[in-house]
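Report on the structure given below.
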Amino acid sequence: MIRFGVIGAGRIGKVHAATIAANPKAKLAYIADAMPKAAEELAAKHGAKVASVDEIMKAKDVDAVLIGSPTGFHAEQIQAASNAGKSIMCEKPVSLSVDLIHQTLKVVEKNKSTLMIGFNRRFDPNFAELERRIRAGAVGEVELVTVISRDPAPPPAEYVKGSGGLFRDMMIHDFDMARFLMGEEFVVVNALGSALVDKAIGEAGDVDTAAVQMQTKSGRIAVITNSRRATYGYDQRMEVHGSKGMLSARNIHNTTVELHNGQGTQADPIQNFFLERYGQAYANELNTFIAAVESGNRDPKPNGFDGLQAQILADAATESWKTGKPVKV
């Protein structure tokens, strides 16, 4: 039985708490949150106790810590959990600072801690199957990876000021997926960005519409496009083109029902919210972590190195957008 302390009782914390509570090999022991009421409500729902972050780190009846706190606390809490001998599952990113990620991973390595980073999209059944078929040689040698991610609506401009920007906050998932699908590291990044959706986002120093091209040492190419606006729902698509063919993963609609008549074909809208679209991915991700801890697998993927590489690409894209020049990684 893997006993969990969960840090963060917000949107993501609630999702993970439910998965822990539903897994017979895990127990939700403690909840910590800066908002006492949120912690109390979530703890009461799952029969857990409310505790401080420090109490969770020191608790002898906690085997694993799930970190769902704001980004600025991730690295500090990973290090504290590692030093306390806990296994760690942390939401992305490890940190907005590459130097701090390096420091954090040194602590994890020194303590031989189990660390998994929450790039949940790898665990989406469709994307996981896409990657499995690539590795099985379905399209031969991968030549071109295309990742499309568009949110239904932009966040408040106030949010972007502390988010690190679109490339570090939103596109970081896509950088990880591009690495996951390509199976080879990228060596150059070229980015474009604009504030076309909300002028206030541009005034806050960020973009809401962006495209990135990346290339590996062997010449393979990935193209990522992001938008903070999609009037038709939460747009999540991927395509992998290779020497023997092409694989694609399409959007998921609310139902599979279609109307065919003289005016054409009409389908239901695509799913509109990330928790809905990636609900199964979040569950698969955490259950994979639980299985890893139970089996003694100290290096479940995506690991700290994957978190580091995605952040390096996000930084490179941000620099490329600001300078208007390609950035070598």
When the Debye formula is applied to the Cα atoms of segment 141-272, each taken as the same point scatterer, what base-10 log of I(q)/I(0) results at q = 0.13, 0.16 Å⁻¹?
-> -0.64, -0.88
Per-residue Cβ contact counts at 10 Å, fewest first, order ASP315, ASP208 as ASP315, ASP208
Farthest toward the dipole's positive end in the chain, which of ALA310, ALA39, LEU115, given Cβ charges of +1 (Lys, Arg) and -1 (Asp, Glu) about the Cα centre?
-> LEU115
What is the local net charge at ARG220, summed over the other residues whose Cβ is closer than 11 Å to its Cβ (Lys, Arg +1; Asp, Glu -1)?
-> -3
Principal axis lengths of segment 2-113 from Cα atoms, whole Å, largest first?
-> 38, 24, 22
For segment 115-173, which trypsin sites (Lys or Arg not before Pro) are in a loop by DSSP, counting at most 16 other Cβ atoms within 10 Å?
-> LYS161
Treat every Asp and Glu Cβ in segment 2-113 as -1 and every Lys and Arg Cβ as +1, leave all other atoms uncharged, and give the resulting dipole magnitude about the Cα centre to the nearest 20 debye.
-> 340
For the chain, longest principal axis from Cα atoms; helix 98-111 axis from its Cα atoms; angle between them, nearest 10 degrees, is 50
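What order do you get for LEU259, LEU96, LEU66, LEU28 when you list them from fewest to most C-beta neighbours inside 10 Å? Show your work: numbers first, answer last.
Working: LEU259 10, LEU96 21, LEU66 30, LEU28 25.
Ordered from fewest to most neighbouring Cβ atoms within 10 Å, LEU259, LEU96, LEU66, LEU28 come out as LEU259, LEU96, LEU28, LEU66.
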Per-residue ³J(HN,Hα) for segment 137-151, Karplus 6.51 cos²θ - 1.76 cosθ + 1.60, θ = phi - 60°, Hz, x for Gly and Pro | x, 4, 10, x, 6, 5, 10, 8, 10, 10, 10, 10, 9, 9, 7
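If each residue's Cβ is checked for other Cβ atoms within 10 Å, how do PHE305, PHE274 rank with the fewest at the top? Mind dumping the intermediate values first?
Values: PHE305 14, PHE274 19.
With the sparsest Cβ surroundings first, the list reads PHE305, PHE274.
Suppose every Lys and Arg Cβ carries +1 and every Asp and Glu Cβ carries -1, with no other charges. What dipole size does the chain come out with about its Cα centre, to the nearest 20 debye? Don't jump to the answer; show the numbers that get you there.
Working: 38 positive and 38 negative charges, 115 e Å.
Magnitude of the dipole: close to 560 debye.
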For Rg and Dmax of the Cα atoms in Å, calculated from these coordinates, the label among (i) 20.2, 67; (ii) 21.1, 67; (iii) 19.2, 59 = (i)
Between segment 34-60 and segment 305-329, what is the C-alpha centre distance in whole Å?
-> 37
Give me the percent of Cα-Cα pairs in segment 259-329 that sit more than 20 Å apart, rounded to a whole number.
-> 64
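Which whole-number percentage describes the relative contact order of the chain, with Cα contacts under 8 Å and a sequence gap of 6 or more?
Values: 683 pairs, mean separation 64.5, N = 329.
Here the relative contact order equals 20 percent.
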Relative to the longest principal axis of the chain, what angle (0 to 90°, nearest 10) does the C-alpha long axis of helix 279-295 take?
-> 50
Sum up the charges of everything whose Cβ sits under 14 Å from the Cβ of LEU313, counting Lys and Arg as +1 and Asp and Glu as -1, but leave LEU313 out.
-> -4
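Once you keep just the Cα pairs under 8 angstrom separated by 6 or more residues, what percentage relative contact order results for segment 2-113?
Details: 199 pairs, mean separation 27.3, N = 112.
Normalised by residue count, the contact order of segment 2-113 is 24 percent.
Read the figures in this text as sums done on the coordinates, not as results from a lab. Given the structure is predicted, the values throughout are model-derived calculations rather than measurements. Note that each Cβ is placed from the backbone with ideal geometry, even for glycine, and that neighbours are counted across all protein chains shown.
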